[in-house]
């Protein structure tokens, strides 16, 4: 496990219960989420689940595997005709770890809203015996007799998967990853040996000062300058990642209390990985297709001789 990955997992867990932070514009402030979501992709056997278990031992959290869409956002009990609260409500202000995550369209659509604004609503084709209205400060879980569920929650998400996102063609998958700081890793044999010998820690909890919760304009400009000089700004196929990359860097700054350029560059490199690999594959496919077309033309020409 790298120092950057360890730092990001700690930052993510520290952000779980933070209210929206104020980010300066030139003349005013805007509110944005403080939660740092992390997406970890690695092949099986790379200690992902072990790392997540260590994380759950040190922070208020829950590790969930193979969670269903109804359980994630709320459903109903057929016999009693009462509502079943959603996991995202039950574990509010905590870290929700989705281990062995498998991409399913319904869950992804729900996560897109929950990760960005902490809100989700759905209508069920069922009538319930009574309404449900639970509140916790500005957070709530509501369900009407007509089966309309609305949840407003606050939590950070850590998602782990062994499935390669590069070969998943749906835009919703990319949208999910864009709401996170992605981490792609594969351990070397020497690192495996260090872990087995006990010379490398899989996870180390870290302490941070009180979060800033208000980001000034000069700090926004500082992060922008780092990103403006990176590959994200130089190549057009990655430009759409710039706004959320700035947001993730500012969320890290909010908790650390000072700028960490090495961390920003790590985040930029991880954000760049997916579009870079896809662009390279696209170029290879284009060249392969061109080669096939040339071979067809040769055969056609030779057939006339």
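The values are calculated or read from the model by the stated rules, or taken from the named source; none is laboratory data. Given the structure is predicted, the values throughout are model-derived calculations rather than measurements. Please note: Cβ atoms are built from the backbone with ideal geometry, for glycine as well, and neighbour counts cover all protein chains shown.
Can you pull out every residue in the stretch 77-98 that is assigned to a loop (DSSP other than H, G, I, E, B) and either at pLDDT 90 or above or in contact with a strand residue (DSSP E or B) (Cβ under 8 Å, 6 or more places away or on another chain) (or both)?
Selection gives 85, 86, 91, 92, 93, 94.
Residue 275 - would you say it is exposed (fewer than 12 other Cβ atoms within 10 Å of the Cβ) and within 19 Å of the chain's Cα centre (by Cα)?
no
Would the stretch 18-39 turn up any residue that is surrounded by 16 or more Cβ atoms within 10 Å (Cβ to Cβ), assigned to a loop (DSSP other than H, G, I, E, B), over 14 Å from the mean Cα position of the chain (by Cα) and at pLDDT 95 or above?
Checked the stretch 18-39: at least one residue is surrounded by 16 or more Cβ atoms within 10 Å (Cβ to Cβ), assigned to a loop (DSSP other than H, G, I, E, B), over 14 Å from the mean Cα position of the chain (by Cα) and at pLDDT 95 or above.
Only residues that are in a loop (DSSP other than H, G, I, E, B), modelled with pLDDT under 85 and under 26 Å from residue 121 (Cα atoms): list them for the stretch 145-176, please.
Selection gives 145, 146, 147, 170.
Please find, within the stretch 218-234, the residue that is surrounded by the fewest Cβ atoms within 10 Å (Cβ to Cβ) out of those that are out of contact with any helix residue (DSSP H, G or I) (no Cβ under 8 Å at 6 or more places or on another chain) and modelled with pLDDT of 95 or more.
Per the criteria, the residue is 218.
Check the stretch 193-208 and report whether any residue there is over 21 Å from the mean Cα position of the chain (by Cα), buried (at least 17 other Cβ atoms within 10 Å of the Cβ) and closer than 15 Å to residue 3 by Cβ.
no
Keeping to the stretch 183-239, report how many residues are in a helix (DSSP H, G or I) and over 30 Å from residue 46 (Cβ atoms).
Here the count works out to 14.
Of these, 237, 273, which one is modelled with pLDDT under 85 and touching a helix residue (DSSP H, G or I) at 6+ places or on another chain (Cβ under 9 Å)?
237
Do we find that residue 94 is under 24 Å from residue 176 (Cβ atoms), free of Cβ contacts under 8 Å to residues at least 24 places away in the same chain and either in contact with a helix residue (DSSP H, G or I) (Cβ under 8 Å, 6 or more places away or on another chain) or surrounded by 13 or more Cβ atoms within 10 Å (Cβ to Cβ) (or both) in this structure?
When the stated conditions are applied, residue 94 does not pass them.
Do we have any residue at all in the stretch 43-56 that's in a helix (DSSP H, G or I), out of contact with any helix residue (DSSP H, G or I) (no Cβ under 6 Å at 6 or more places or on another chain) and under 29 Å from residue 147 (Cα atoms)?
No, that holds for no residue.
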